Amino acid sequence: MRERDLIVGEDGLARPPWAAADPLLREYYDTEWGLPVRGEQPLFERISLEGFQAGLSWATILRKRPAFRKAFDDFDPDRVAAYAEEDVARLLADAGIVRNQAKVRATIGNARATVALREQGGLDALVWSFRPERTPRPRSMSEVPTTSPESVALSKALRGNGFRFVGPTTTFALMEAVGMVDTHLLGSHRRGSSGLWPER
């Protein structure tokens, strides 16, 4: 393993470079990223934030997450699904979030798609039905994939149900974030922490 693929912090714990320097990203990596996330509202929030992240750094989204939650009623799908044009205008005037009209409108549309999915078992059942049989075992950052056959299929399923900003790369990032796959590097102190892929 190349030295730059894992960085051992002052606490003696090994993390990838993206989680090693910024305290906010380190906290996110240590306590959230890769742990199983279930339920309609939590998954809708993560799909929304992954969509807003497209073209931006995750650190930017994470710093704005409290403002996003306030602006989007804690990502309650029913509330967001009921947003009207005045809400779009309110969101586009909110300097605390990413003011991208296409992404704002997609989030509202995705909330409506989330509500509609309840008749077919719900968002949780749909997303988790694409959990793969195996997880990657990357030894270096270059071995961490950015898509998978399952993320391509999940993207297609979500788009088929009316979701937007859910391309295969975005859905793979979602799968990583919610523990469906474990892309923690071998040697990271977080490897296997989801409990779904207990081998280290």
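Bear in mind that the values in this text are calculations on the coordinates, not laboratory data. As the structure is a computational prediction, the values presented were derived from the model and not from experiment. Note that each Cβ is placed from the backbone with ideal geometry, even for glycine, and that neighbours are counted across all protein chains shown.
For the reader, a short list of remarks on this structure follows.
- The alpha carbon convex hull volume per residue for the range 130-169 rounds to 57 Å³.
- Student exercise, the range 68-161 dipole from Lys, Arg, Asp, Glu Cβ charges, in Debye to nearest 20: 380
- Projecting the Cα atoms of A82, G55, A71 onto the dipole axis of the range 24-166, where Lys and Arg carry +1 and Asp and Glu carry -1 at the beta carbon, places G55 farthest toward the positive end.
- Linear extension gain, D74 paired with Q41, 0.36 nm per residue minus alpha-carbon span: 11.0 nm
- Dipole check for the chain: with +1 at the C-beta of Lys and Arg, -1 at the C-beta of Asp and Glu, and the Cα centre as origin, the magnitude is about 400 Debye.
- Label-to-label distance for E27 and E143 is 3.2 nm, based on points extended 7 Å past Cα in the beta-carbon direction.
- Lysines whose Cα lies under 18 Å from that of K103, excluding same-chain neighbours fewer than 8 positions away: K64, K70
- Here, the chain yields an orientationally averaged convex hull projection of 11.0 nm² when only Cα atoms define the hull.
- Residue of A54, A93, A81 that the Gaussian network model of the chain assigns the largest fluctuation, springs spanning Cα pairs under 10 Å: A93
- Based on DSSP H segments of at least four residues, each scored -39500 (n - 2.57), the chain has a per-residue ellipticity at 222 nm of -14000 deg cm²/dmol.
- Across the range 1-139, Cα pairs under 8 Å and at least six residues apart give a relative contact order of 21 percent.
- Measuring nothing but how far apart in sequence close Cα pairs (under 8 Å, 6+ apart) lie, relative to its length, the range 92-200 scores a relative contact order of 26 percent.
- Cβ-derived FRET efficiency at R0 25 Å, S57 paired with A93, nearest 0.05: 0.60
- Vicinal HN-Hα couplings computed from phi for the range 95-111 (Karplus, 6.51 cos²θ - 1.76 cosθ + 1.60; Hz; Gly/Pro x): 5, x, 10, 7, 8, 10, 4, 4, 6, 4, 5, 5, 5, 5, x, 5, 5
- Vicinal HN-Hα couplings computed from phi for the range 153-165 (Karplus, 6.51 cos²θ - 1.76 cosθ + 1.60; Hz; Gly/Pro x): 5, 5, 4, 5, 5, 5, 5, x, 9, x, 7, 10, 6
- Fraction of the pair-distance distribution of the range 58-172 above 21 Å, Cα-Cα pairs, percent: 47
- Between helix 58-71 and the chain: long-axis angle, C-alpha atoms, 0 to 90°, nearest 10: 30
- Max mean-square fluctuation residue, GNM over the chain, Cα-Cα springs under 10 Å, options G39, G162, G12: G12
- For the chain, the longest principal axis of the C-alpha atoms and the axis of helix 40-53 are separated by about 80°.
- Neighbour cut-off at most 10 other Cβ (10 Å), DSSP loop, GluC sites (Glu not before Pro), the range 2-76: E10
- For the range 1-96, the list of trypsin sites (Lys or Arg not before Pro) that fall in a loop by DSSP and count at most 14 other C-beta atoms within 10 angstrom reads R2, R38.
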